[in-house]
Amino acid sequence: MSAQVKGPASYFPSIEKKYGRPVAEWKELIRSSPLTRHMELVTWLKTEHGLGHGYANALVAHTLAEKG
């Protein structure tokens, strides 16, 4: 029995399917952005890359959490 993915990562399969890019690529875009604040990054992903709010929020939250 495998554990169900929870939290921001639960959005990842849908993000890859809908937007056609691997999550690793989205995360690299976030890390390479000059923006650092959560909502700035979310807004940037929405306006510049056309992501929905929930998807953008999940990617940013997961990426920033990795930084520690």
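Looking at the structure I just gave you, is I15 touching a residue at least 24 places away in the same chain (Cβ under 8 Å), open to solvent by less than 50 Å² (accessible area, probe 1.4 Å) and over 17 Å from K67 (Cβ atoms)?
Yes; evaluated as a whole, the condition is true for this residue.
Just to be sure, is A9 farther than 13 Å from L64 by Cβ, assigned to a helix (DSSP H, G or I), in contact with a helix residue (DSSP H, G or I) (Cβ under 8 Å, 6 or more places away or on another chain) and of a type outside the set (S, T, Y)?
Considered against the rule, which asks whether it is farther than 13 Å from L64 by Cβ, assigned to a helix (DSSP H, G or I), in contact with a helix residue (DSSP H, G or I) (Cβ under 8 Å, 6 or more places away or on another chain) and of a type outside the set (S, T, Y), A9 comes out as yes.
The values are calculated or read from the model by the stated rules, or taken from the named source; none is laboratory data. All values derive from a computational prediction rather than experimental measurement. No Cβ is skipped: glycine too gets one built from the backbone with ideal geometry, and neighbour counts run over all protein chains shown. Note: accessible area is taken over every heavy atom of the protein model, side chains too, but ligands, DNA and RNA are not part of it. Shrake-Rupley method; radii C 1.70, N 1.55, O 1.52, S 1.80 Å.
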